[in-house]
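K.L.:
Can you keep this structure in mind? I'll have questions shortly.
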Amino acid sequence: MGNMTQKTELSITGMHCASCANLVAKALKKAEGVREASVNYATRKATVRHDAGVDPATLIAAVEKRGYGASVPTRDDPERQARIEREEYASLKRLLIVSASFSIPAFLLGMLFMKDGILFSGYELPYAAYLLFLLATPVQFYGGAMFYRGAWAALRNGSANMDSLIALGTSAAYAYSLYLVFFADAQMQFFEISAVLITLVLLGKLLEARAKGKTSDAIKKLMGLAPKTALVIRDGKEIEVSVDDVAAGDIALVRPGGRIPVDGIVVEGNSSVDESMITGESIPVEKRQGSEVIGGTLNTHGAFRFKATKVGANTTLSQIVKLIEDAQGEKAPIQRFADRISAYFVPIVIALAAVTFCVWFLLVGQGFAFALSAAIAVLVIACPCALGLATPTAIMVGTGKGARHGILIKGGEALETAHKVEAVLFDKTGTITNGRPEVTDIVPTGPLTPSQLLHVAASIEKQSEHPLAESIVRCARERGVRLEQAKGFSAIPGQGVTATLHGHAFVFGNKRLMEGHGVDLSQAQERAQLLEAQGKTVMMLAAKGKLVGMIGVADTIKDSSAQAISMLRKIGIETYMITGDNARTAAAIAKQAGVAQDHVFAEVMPQDKAAYVKRIQQGENGRPRKVAMVGDGINDAPALALADIGIAMGSGTDVAMETGNVVLMRNDLRDVARALRLSRLTMAKIRQNMFWALIYNIVGIPIATGALYYGTGWLLSPILAGAAMALSSVSVVTNSLLLRSARI
């Protein structure tokens with residue numbers, strides 16, 4: 001039992017920056033029994049892997065001890081999180097309004113009516129310094145209270161975060177101004193700098209919170225689909241109950257324009273259902289008795305009753321929301337780089353600010369005010385927030401965009417690996433093809449018309465359970481052909497059937513059956529071989545020793561398959577096909593789909609498919625490459641697991657959630673190329689974000705220290721440093737949001 005591990009998720013509150021997330025992760029890792037812990041600042045979620053038996057209360061206590069809040073997510077957690085986000089946004093807005101109402105007059109007063117002001121410096125307002133003190137103090141201790149709380153929490157843990165930088169910088173400016181005005185009787189002061197800095201940081205936080213909220217729009221929209229109530233039939237009466245009270249087996253009623261409350265099977269009525277928010281497919285799906293319906297989808301017209309099959313956390317909608325939340329909570333490998341930098345960044349910055357002050361004041365001999373201004377600029381501009389937001393915001397937008405198109409990507413690691421894929425291996429049956437035989441050709445060779453030939457064949461096969469028989473009966477019903485009851489039905493395993501219809505004895509089956517009954521096949525030999533060369537199974541109908549017709553049956557290629565393979569080729573990805581079918585059928589399907597004949601693996605047993613994945617991974621000339629396997633997620637499980645990326649085709653209701661890294665809800669093969677393109681676009685955004693976050697610090701910090709002062713006269717004021725810092729975080733989140741409008 002000691003080696004067994006469990007995964008616990010926690011919702012975290014009170015985090016202000018990426019450094020806070022590192023603090024929480026560090027606290028969790030120190031808890032007894034914890035193997036691994038990661039905290040996502042953007043999603044406010046912690047993922048903890050620990051020994052079996054570790055109480056979540058222990059983990060919560062470890063977080064709370066560090067001054068942050070934690071709770072185990074419940075079913076209504078997304079709504080609770082949304083409420084917390086709204087409250088935090090409202091609180092930030094209130095703080096900003098109060099701070100701005102004091103800091104703007106302070107800024108104008110400092111710039112216009114002080115001895116060292118930029119404008120009207122000839123006129124000095126009496127007691128201006130004392131007035132500035134009165135304006136700056138509420139901002140420092142009301143607007144800046146959250147930074148003091150965060151800095152104190154970090155200090156108690158022997159660490160530092162973004163709050164430490166802001167609190168240290170503004171407190172230094174405020175304290176020095178107090179000394180100058182009240183004890184040195186000097187008019188020189190920094191009151192307006194500390195007040196404006198706090199206001200700018202609050203503005204940046206507000207804009208960041210607003211933009212960050214948009215990155216989780218996909219989950220919010222999906223959660224909004226779930227109806228709160230359902231109409232169920234109990235004791236013969238229609239009663240409205242909470243959707244949480246619907247039990248599996250209940251009969252529910254859905255009216256036109258209503259949302260389906262839970263997953264189920266239609267038992268009465270017909271309608272069309274808009275499933276676009278679940279599957280991404282815009283065309284409404286016809287529903288009749290026996291059809292499956294998905295909770296949260298919209299009934300467009302017609303009323304029907306259905307039997308509830310999946311309720312609560314088991315519904316497709318709940319599973320999808322959970323999948324996206326897990327995906328957005330997991331870190332991509334590229335984020336570890338940012339985490340390592342953020343962990344050491346703040347202490348290094350504080351040390352650099354101290355060195356900047358000492359060099360200017362003690363070595364160069366500049367005034368105390370000059371040295372302090374440079375040190376404050378260093379503290380403020382070097383905030384690592386942009387770096388902490390670079391990866392998670394892009395992953396949140398990327399996975400959300402995928403979900404809106406029916407592409408479910410399981411986490412940052414899958415997203416990062418997918419962009420490196422060079423080859424895709426497709427399973428044939430149910431993936432490239434529709435997965436069920438269909439009648440493709442009806443060829444009379446005697447007096448019967450095509451309709452009469454289908455009537456006889458379907459009437460005979462109506463009593464058979466063979467998949468080929470089902471396809472012929474289905475074709476007849478779809479074409480409105482009337483079926484009759486045949487007599488003397490007899491099935492001959494591996495060959496076909498015999499029966500009597502309208503007083504005539506018919507034989508219907510393969511070539512072996514015809515030869516066994518002495519039927520002359522010479523006149524139809526050429527046409528039969530042509531159909532077989534196209535990968536079709538030929539069923540022959542004979543009466544009185546003569547062939548009267550043939551029916552070609554095949555597992556037909558999906559409409560989207562050829563286009564999907566063409567799309568992959570255009571983005572430089574090689575395609576392969578694997579099947580247990582014979583080589584001739586495989587070659588015919590591959591030709592229709594556009595897969596090269598030397599990239600087709602036929603007559604492969606399900607358990608051997610993984611070996612072919614390995615073979616493609618090894619590549620030519622010994623150069624390994626990343627391979628994606630596309631299958632139905634059932635008999636392809638070993639191959640999907642071995643592939644670098646497993647892509648499972650989902651039916652929309654019975655999704656292979658546990659198999660593969662990507663689930664395609666629409667069963668549309670074109671979504672394979674879209675998923676890979678989405679991963680490339682997301683990784684490009686992450687790299688752009690990382691570049692701008694790092695380059696901003698690489699360029700900004702030297703200017704803030706005054707390293708360029710003697711050559712260029714450039715010296716960054718703390719106010720400009722604060723504005724730049726706020727802008728960097730907002731720009732990173734905004735850049736991630738641009739993914740929402742990208743074409744995939």
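K.L.:
Residues that are at pLDDT 90 or above: find the strands (runs of 3 or more DSSP E) completely inside the stretch 405-481 holding 3 or more of those.
P.N.:
Numbers: elements: 407-409, 421-427, 433-444.
Where strands (runs of 3 or more DSSP E) fall fully within the stretch 405-481 and carry at least 3 residues being at pLDDT 90 or above, they are 421-427, 433-444.
K.L.:
For the stretch 307-327, check the following and say yes or no: at least one residue is modelled with pLDDT of 85 or more, charged (D, E, K, R) and not in a helix (DSSP H, G or I).
P.N.:
Yes: one or more hits.
K.L.:
May I pose another question? Could you tell me whether the stretch 312-320 includes any residue that is more than 24 Å from the chain's Cα centre (by Cα) and crowded, with 20+ Cβ neighbours inside 10 Å?
P.N.:
First, pick out the residues of the stretch 312-320 that are more than 24 Å from the chain's Cα centre (by Cα): none.
No, the stretch 312-320 has no match at all.
K.L.:
Quickly run through the stretch 476-506 and pick out the residues that are closer than 19 Å to PRO437 by Cα and buried (at least 20 other Cβ atoms within 10 Å of the Cβ).
P.N.:
Correct list: ALA476, GLY496, VAL497.
K.L.:
Among VAL139, VAL181, VAL201, VAL196, which is under 30 Å from VAL397 (Cα atoms), β-branched (Val, Ile, Thr), open to solvent by less than 50 Å² (accessible area, probe 1.4 Å) and assigned to a helix (DSSP H, G or I)? Steps first, answer last, please.
P.N.:
Numbers: VAL139 fails: under 30 Å from VAL397 (Cα atoms); VAL181 fails: under 30 Å from VAL397 (Cα atoms); VAL196 fails: under 30 Å from VAL397 (Cα atoms).
Checking each option against the conditions leaves just VAL201.
K.L.:
Something else now. Of the residues that make up the stretch 272-282, is at least one open to solvent by less than 20 Å² (accessible area, probe 1.4 Å), at pLDDT below 90 and more than 27 Å from the chain's Cα centre (by Cα)?
P.N.:
Scanning the stretch 272-282, I find at least one residue that is open to solvent by less than 20 Å² (accessible area, probe 1.4 Å), at pLDDT below 90 and more than 27 Å from the chain's Cα centre (by Cα), so the answer is yes.
K.L.:
Of everything in the stretch 34-68, what is of a type in the set (A, V, I, L, M, F, W, C), touching a Lys or Arg at 6+ places or on another chain (Cβ under 8 Å) and over 21 Å from ALA338 (Cβ atoms)? Give them in sequence order.
P.N.:
If we filter the stretch 34-68 for residues that are of a type in the set (A, V, I, L, M, F, W, C), which is where we start, we get 34, 37, 39, 42, 46, 48, 52, 54, 57, 59-63.
In the following step, the residues that additionally are touching a Lys or Arg at 6+ places or on another chain (Cβ under 8 Å) were identified as 34, 37, 39, 42, 48, 62.
Those that are of a type in the set (A, V, I, L, M, F, W, C), touching a Lys or Arg at 6+ places or on another chain (Cβ under 8 Å) and over 21 Å from ALA338 (Cβ atoms): VAL34, ALA62.
K.L.:
Could you list, in sequence order, the residues of the stretch 34-59 that are small (Gly, Ala, Ser) and either under 13 Å from GLY150 (Cα atoms) or in contact (Cβ under 8 Å) with a residue 24 or more places away in the chain (or both)? Spell out how you get there, then give the answer.
P.N.:
The first filter runs over the stretch 34-59 and keeps only residues small (Gly, Ala, Ser), leaving 37-38, 42, 46, 52-53, 57.
Residues satisfying the conditions are SER38, ALA42, ALA46, ALA52, GLY53.
K.L.:
Do we find that GLU532 is touching a residue at least 12 places away in the same chain (Cβ under 8 Å) and within 56 Å of the chain's Cα centre (by Cα) in this structure?
P.N.:
Values: touching a residue at least 12 places away in the same chain (Cβ under 8 Å): yes; within 56 Å of the chain's Cα centre (by Cα): yes.
In short, yes.
K.L.:
Can you list residue pairs whose Cβ atoms sit under 9 Å apart, with the first residue in the stretch 513-527 being open to solvent by less than 90 Å² (accessible area, probe 1.4 Å) and the second being β-branched (Val, Ile, Thr) and in a loop (DSSP other than H, G, I, E, B)? Count only pairs 6 or more apart in sequence or on different chains.
P.N.:
Close Cβ pairs (under 9 Å, with a partner that is β-branched (Val, Ile, Thr) and in a loop (DSSP other than H, G, I, E, B)) amount to LEU513/VAL519; ALA524/THR445.
K.L.:
Name the single residue, out of those in the stretch 60-88 being within 28 Å of the chain's Cα centre (by Cα), more than 18 Å from GLU325 (Cβ to Cβ) and in contact (Cβ under 8 Å) with a residue 24 or more places away in the chain, that is most open to solvent (accessible area, probe 1.4 Å).
P.N.:
We begin by selecting, within the stretch 60-88, every residue within 28 Å of the chain's Cα centre (by Cα); these are 60, 63, 68-88.
Now drop any that are not more than 18 Å from GLU325 (Cβ to Cβ), which leaves 60, 63, 68-69, 86-88.
Keeping just the survivors that are in contact (Cβ under 8 Å) with a residue 24 or more places away in the chain gives 60, 63, 68-69, 88.
Working: ILE60: 33, VAL63: 0, TYR68: 14, GLY69: 19, GLU88: 59 Å².
So, considering only residues that are within 28 Å of the chain's Cα centre (by Cα), more than 18 Å from GLU325 (Cβ to Cβ) and in contact (Cβ under 8 Å) with a residue 24 or more places away in the chain, the one most open to solvent (accessible area, probe 1.4 Å) is GLU88.
K.L.:
Let me confirm something: among VAL34, VAL39, which residue is within 23 Å of the chain's Cα centre (by Cα), surrounded by 15 or more Cβ atoms within 10 Å (Cβ to Cβ) and not basic (Lys, Arg)? Give the derivation first.
P.N.:
Working: VAL34 fails: within 23 Å of the chain's Cα centre (by Cα).
Exactly one residue qualifies, and that residue is VAL39.
K.L.:
Only one of these is open to solvent by 30 Å² or more (accessible area, probe 1.4 Å), in contact (Cβ under 8 Å) with a residue 60 or more places away in the chain and part of a loop (DSSP other than H, G, I, E, B): LEU694, LEU727, LEU681, LEU716. Name it.
P.N.:
Values: LEU694 fails: part of a loop (DSSP other than H, G, I, E, B); LEU727 fails: part of a loop (DSSP other than H, G, I, E, B); LEU681 fails: part of a loop (DSSP other than H, G, I, E, B).
On inspection, the qualifying residue turns out to be LEU716.
K.L.:
While we're looking at this one, here's another question. Out of the stretch 607-634, which residues are open to solvent by 70 Å² or more (accessible area, probe 1.4 Å), part of a loop (DSSP other than H, G, I, E, B) and in contact with a helix residue (DSSP H, G or I) (Cβ under 7 Å, 6 or more places away or on another chain)?
P.N.:
Once the filter is applied, which keeps residues that are open to solvent by 70 Å² or more (accessible area, probe 1.4 Å), part of a loop (DSSP other than H, G, I, E, B) and in contact with a helix residue (DSSP H, G or I) (Cβ under 7 Å, 6 or more places away or on another chain), the stretch 607-634 yields only PRO624.
K.L.:
Still on this structure, please answer the following. Hey, among the residues in the stretch 554-578 that are out of contact with any strand residue (DSSP E or B) (no Cβ under 7 Å at 6 or more places or on another chain) and of a type in the set (Ser, Thr, Tyr), which one's most open to solvent (accessible area, probe 1.4 Å)?
P.N.:
Filtering the stretch 554-578 for residues that are out of contact with any strand residue (DSSP E or B) (no Cβ under 7 Å at 6 or more places or on another chain) and of a type in the set (Ser, Thr, Tyr), the one most open to solvent (accessible area, probe 1.4 Å) comes out as SER566.
K.L.:
Would a scan of the stretch 705-713 turn up a residue that is surrounded by fewer than 22 Cβ atoms within 10 Å (Cβ to Cβ), free of Cβ contacts under 8 Å to residues at least 24 places away in the same chain and among the aromatic types (Phe, Trp, Tyr)? Outline the logic, then answer.
P.N.:
Taking the stretch 705-713 first, the residues surrounded by fewer than 22 Cβ atoms within 10 Å (Cβ to Cβ) are 707-713.
Still in the list and also free of Cβ contacts under 8 Å to residues at least 24 places away in the same chain: 707-713.
From what's left, among the aromatic types (Phe, Trp, Tyr): 709-710.
Yes; the residues of the stretch 705-713 include at least one that is surrounded by fewer than 22 Cβ atoms within 10 Å (Cβ to Cβ), free of Cβ contacts under 8 Å to residues at least 24 places away in the same chain and among the aromatic types (Phe, Trp, Tyr).
K.L.:
Surrounded by fewer than 17 Cβ atoms within 10 Å (Cβ to Cβ) and in contact (Cβ under 8 Å) with a residue 24 or more places away in the chain: which single residue out of LYS237, LYS221 fits that description? Spell out how you get there, then give the answer.
P.N.:
Working: LYS237 fails: in contact (Cβ under 8 Å) with a residue 24 or more places away in the chain.
Result of the check over LYS237, LYS221: LYS221.
K.L.:
Any residue that is open to solvent by 70 Å² or more (accessible area, probe 1.4 Å) and more than 30 Å from ALA590 (Cβ to Cβ) - is there at least one of those in the stretch 540-553?
P.N.:
Within the stretch 540-553, the first condition is being open to solvent by 70 Å² or more (accessible area, probe 1.4 Å), and the residues that meet it are 544, 546.
Those still in the list that are more than 30 Å from ALA590 (Cβ to Cβ) too: 544, 546.
The answer is yes; a qualifying residue exists.
K.L.:
Could I ask something else about it? Going through ALA476, ALA469 one at a time, which residue ends up being more than 30 Å from LEU640 (Cβ to Cβ), small (Gly, Ala, Ser) and in contact with an Asp or Glu (Cβ under 8 Å, 6 or more places away or on another chain)?
P.N.:
Numbers: ALA476 fails: in contact with an Asp or Glu (Cβ under 8 Å, 6 or more places away or on another chain).
Unique residue meeting the criteria: ALA469.
K.L.:
Just need a number here: residues in the stretch 510-539 that are over 24 Å from THR433 (Cα atoms) and not charged (D, E, K, R).
P.N.:
The first filter runs over the stretch 510-539 and keeps only residues over 24 Å from THR433 (Cα atoms), leaving 511-526.
Among the residues that remain, those that are also not charged (D, E, K, R) are: 513-514, 516-519, 521-525.
The number of residues fulfilling the criteria is 11.
K.L.:
A further question follows. Regarding PRO227, is this residue part of a loop (DSSP other than H, G, I, E, B), in contact (Cβ under 8 Å) with a residue 60 or more places away in the chain and within 28 Å of ARG83 (Cβ to Cβ)? Walk me through how you get there before you give the answer.
P.N.:
Details: part of a loop (DSSP other than H, G, I, E, B): yes; in contact (Cβ under 8 Å) with a residue 60 or more places away in the chain: yes; within 28 Å of ARG83 (Cβ to Cβ): yes.
Here the answer is yes, as PRO227 does meet what is asked.
The values are calculated or read from the model by the stated rules, or taken from the named source; none is laboratory data. Just so we're clear, the structure is a prediction, and the values are computed from it rather than from any experiment. Methodologically, a virtual Cβ is constructed for each residue, glycine included, from the backbone with ideal geometry; neighbour enumeration extends over all protein chains shown. Heavy atoms of the whole protein, side chains included, go into the accessibility calculation; ligands, DNA and RNA do not. Shrake-Rupley method; radii C 1.70, N 1.55, O 1.52, S 1.80 Å.
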